Amino acid sequence: MSRKEILQGAAMSAKIELIKGDITELDAGAIVNAANNRLSGGGGVDGAIHRASGPELLNECRLLHGCDTGDAKITGGYKLKAKFVIHTVGPVWNGGSWDEDRLLASCYKKCLKLAVENNVKTIAFPCVSTGVYNFPIDRAAAIALREIGEFIKTDNCLEKIIIVCFDEHNYGAYSKLMAAN
Ligand code: AR6
């Protein structure tokens with residue numbers, strides 16, 4: 001992916017907001033969960049979302065029969081301020097020759113599509129795959145911004161897309177790419 005391609009895609013619309021913090025605290029239409037294939041809860045942001053949402057979230061997840069890598073499924077938000085949780089399963093980084101880039105791009109596409117289908121106006125993303133799944137942070141940020149940028153070029157439904165970084169490294173990667181616009 002060339003730098004030009006990333007930046008054109010992102011075109012840093014005012015709709016994209018970058019914040020550092022805990023995604024579970026956000027009052028958004030939907031927050032995205034970086035889940036696993038079984039949608040069974042886990043550590044990282046997945047664990048935080050399940051803890052904050054309460055046991056009803058896992059009960060609803062159990063009815064969904066898992067989620068493929070690169071795909072997304074939606075549930076209620078229960079005790080969260082967010083109305084919905086969109087669960088997506090990012091790829092585990094295995095060196096880059098296992099379709100990781102395309103699968104991560106697909107996560108962002110599918111989440112945005114589901115948000116629009118559910119009339120969500122504000123969606124918040126964590127940095128999918130950049131924790132336990134070990135996806136390189138700069139590369140993941142470039143893919144996320146490209147996909148979000150491409151999507152909002154033609155979408156009239158979403159009003160705000162919030163990228164939530166929990167750590168300084170991710171925040172720095174996004175800040176750099178976004179500042180270049
Ligand atoms: N708010 C926002 N971002 C967070 C939070 C939070 N409360 N907590 C962590 N992050 P990870 P993955 C960031 O490991 O790499 C789970 O066990 C974190 O700093 O949560 O996609 C699932 O069940 C990192 O940048 O998700 C899967 O098995 C980002 O969220 C597996 O981990 C993603 O880190 C998924 O791995």
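Convex hull volume of the Cα atoms of the range 82-148, normalised per residue: 80 Å³. Rg of the Cα atoms in the range 47-126, relative to 2.2 N^0.38 Å, amounts to 1.14. For residue 153 and residue 99, a Förster radius of 30 Å and the Cβ-Cβ distance give a FRET efficiency of 0.75, rounded to the nearest 0.05. Between residue 38 and residue 116, the contour length at 0.36 nm per residue exceeds the Cα-Cα span by 25.7 nm. Here, the chain yields an orientationally averaged convex hull projection of 9.0 nm² when only Cα atoms define the hull.
Sorted largest first, the principal axis extents computed over the alpha-carbon atoms of the range 19-78 equal 31, 24, 22 Å.
Rolling a 1.4 angstrom probe over the range 1-151 with all protein chains present gives an accessible area of which 51% lies on carbon and sulfur atoms.
Neighbours of residue 112 by Cβ distance under 9 Å: Lys/Arg scored +1, Asp/Glu scored -1, total +1.
Calculated on the alpha-carbon coordinates, the convex hull of the range 75-115 measures out at 69 cubic angstrom per residue.
In this structure the amide hydrogen of residue 163, modeled in the peptide plane, comes within under 5 Å of the amide hydrogens of 17, 18, 19, 125, none closer than 5 places in sequence on its chain.
The values are calculated or read from the model by the stated rules, or taken from the named source; none is laboratory data. These numbers were taken from a predicted model, which means no experiment stands behind them. In this analysis, Cβ positions are derived from the backbone assuming ideal geometry, glycine residues included, and neighbour counts consider all displayed protein chains. Ligands, DNA and RNA are excluded from the accessible area calculation, which covers all protein heavy atoms including side chains. Shrake-Rupley method; radii C 1.70, N 1.55, O 1.52, S 1.80 Å.
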